[in-house]
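Notes follow once the structure below has been shown.
No value in this document is a laboratory result; all are computed from the given coordinates. Keep in mind that what you see is a predicted model, and the values were worked out from it rather than measured. Ideal geometry is used to build each Cβ from the backbone, glycine not excepted, and the neighbour counts take in all protein chains shown.
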Amino acid sequence: MMNKRLKTGTKTFILAMLLVLSGSFCYATTYYTSVNGAPETLANWWTGTTGTGSHPANFTTAGDNFIIQTGDVMTQVATWTVTGTVQINSGGTLARVVAITCGNLIINGTMSNANSTSCTVNGNVTGTTGTITTGGTARAFNVTGNWTFSGTVTANSSITLTLNGTGAQTLSGSFTTGTATSNLTINKASGTVTLGSNFTIGGSGSSSFTLTAGTFDAATYLLTATTPTFTTGTLLVGGATWSANYSFAVTEPSTGIIEYYALGAQTVKAVAYSNLILSGSGAKSIQTGTSVTGNLSISPTGTATASIGAGLNIAAGSLTLGGYGKNSGTWGYGAANPPLNQNQTYFANTTGYLTVTNDTRLTPTVTPTVGTYTYSGSAQGPIAATN
């Protein structure tokens, strides 16, 4: 009797879960174009691929897909907002002359952008065979998900791409070609944008890379741009050298962070840093011409060591080892010219050393309380005190 009840209860639970799951997906519908017209008009979409079936009740149902079919040209005449996915099939065209907002954008046909209003994608931009045209004037794309479009951006087309999601985002594929000016901006309240392939902003024309907030990780790929702007945030270096990840040099702001994090040896670019982190593993080689006006942090995670060039005296505003602030003075690990503070865990055995200006150790505080204490122990002294 007990087994029969358990089996009946299990079946009921499974049936209930299936009903919940089916309820989550049963209202997601795919709609197709069948005539040329305005995509923001509900009557221009059908559940059938040949202009048959029903029209959507709205464009805001989560999970709905809107597919522009081969041979159809859909030209916006009013703002169009879609909660679900807009997909342009090969041979289809979306002519954008006013603002568009969608959940995901798949470009395997043609997307023309003849107006300066923005395209906002609250998801991913993908596509492998599509074409983006802009007419030579920068068109704004604001994307909260991944940009992995690998189709064609026509010669002299210009894009201003802003990645502004709050989670992890991937950047790879194509961006622009020709002589037009293009721009990439990272403006994230949280999360990291990570390169998934080598990425060039612009063709032979000028191009800009701007980090205004958030974290950008070039991983093991190369980001190419002509004009960098670093306002705040974190730039990550995963390559063996800075030039393996970035084609340009940056001026780091006082609130910025640059981190070399590879699992293996890296050469730190010889520039003035505001805040520098050496993490991951292996020796991070520090050369002449390097300085840190703010904090130098060695191995907050991982087992990386700072390998300071022979005989160099590198200035640092403050020093953190393993996540703990350290005192001012000279630091390193070298027998020939030993610094005042030697450490074999965080420094390679070289004759180079750091001169640290500021003491950032935590100051312990003791708050006494009034009471009677009983000491216990031996003749050598007390080993415990209780109140």
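Which length gain, in nm to one decimal place, applies between residue 370 and residue 254 when the Cα-Cα distance is subtracted from 0.36 nm times their residue separation?
Between residue 370 and residue 254, full extension yields 37.2 nm more.
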If you take every DSSP beta bridge fully contained in the chain, what fraction is antiparallel? Give it as a percent rounded to 5. 10 percent
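If you add up the charges near residue 343, with Lys and Arg at +1 and Asp and Glu at -1, over every other residue whose beta carbon is less than 15 angstrom from its beta carbon, what do you get?
Working: positive: 284, 326, 361; negative: none.
Spelling it out: positives minus negatives among the neighbours equals +3.
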One finds, for residue 344 and residue 324 with R0 = 22 angstrom and r their Cβ-Cβ distance, a FRET efficiency to the nearest 0.05 of 0.85
Placing each pseudo-label 7 Å from Cα in the direction of the beta carbon, residue 79 and residue 247 end up separated by a distance in nanometres of 3.7 nm
Given 25 °C, 0.890 mPa s and a Kirkwood radius over Cα pairs, the Stokes-Einstein diffusion coefficient of the chain in µm²/s is 98 µm²/s
With n ≥ 4 as the cut-off for DSSP H runs, can you work out [θ] at 222 nm for the chain, using -39500 (n - 2.57) per run divided by the number of residues, rounded to the nearest 500? -2000 deg cm²/dmol
For segment 65-94 and segment 266-310, write down the distance between their C-alpha centroids in whole Å. 50 Å
Roughly what angle does helix 2-25 make with the longest principal axis of the chain, taking Cα atoms, 0 to 90 degrees, to the nearest 10? 70 degrees
